[in-house]
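**Q** Sharing a structure here in structure tokens format.
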């Protein structure tokens, strides 16, 4: 990932390319064995997760937010998925307040909360 971002930067493409690396969930802070399983591992964990964002004017080298000392719960700069989506839309020049209409004319908002993650906006 570092090589991709460095390459985009060296070619002058990082300002117009947005790189987002994430999964759908965080992982449990501790390795556990689920009932019925013989293999220990980490399960889905919705209370905290990590996401890498680079490019399109995102300030480099920062950490946004924090968890408690055990990694169980976000305790600082708490954002939801809609805030990330709003940030991505804004960086790509899309108004997050846009309303689209389905085939029967029902309005659909792109996001339910249009507040971006301010630390990503630069």
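**Q** Return the single residue from 39, 28, 67 with maximal mean-square fluctuation; model: Gaussian network over the chain, springs between Cα atoms under 10 Å.
**A** 39
**Q** Another question, then. If you take the C-alpha gyration tensor of the chain, multiply each eigenvalue by 5 and take the square root, what semi-axes do you get, largest first, in whole Å?
**A** Result for the chain: semi-axes of 29, 23, 15 Å.
**Q** Hey, what number do you get for the chain at 222 nm if only DSSP H runs of n ≥ 4 count, each worth -39500 (n - 2.57), divided across all residues, to the nearest 500?
**A** One gets -5500 deg cm²/dmol as the mean residue ellipticity at 222 nm.
**Q** Could you calculate the contour length gain from residue 68 to residue 9, that is, 0.36 nm times the residue separation minus the distance between their Cα atoms, to one decimal place in nm?
**A** Value of the extension gain: 17.8 nm.
**Q** Based on the alpha carbons, how large is the Rg to Rh ratio for the range 59-98 when Rh follows Kirkwood?
**A** Ratio of gyration radius to Kirkwood radius for the range 59-98: 1.10.
**Q** What is the order of 47, 77, 87, fewest Cβ neighbours within 10 Å to most?
**A** 77, 47, 87
**Q** So for the range 2-121, averaging the separation of alpha carbon pairs under 8 Å that are six or more residues apart and normalising by length, what relative contact order in percent results?
**A** 21 percent
**Q** Another question, if that's okay. Report the full-extension gain for the segment residue 32 to residue 104: residue separation times 0.36 nm, less the Cα-Cα distance, to one decimal in nm.
**A** That pair, residue 32 and residue 104, stretches by 21.2 nm at full extension.
Taken together, the values in this text are just the output of simple stated rules run on the coordinates, not laboratory data. Everything quoted here is computed from the prediction, not taken from an experiment. Cβ: placed from backbone, ideal geometry, glycine included. Neighbour counts: every protein chain shown.
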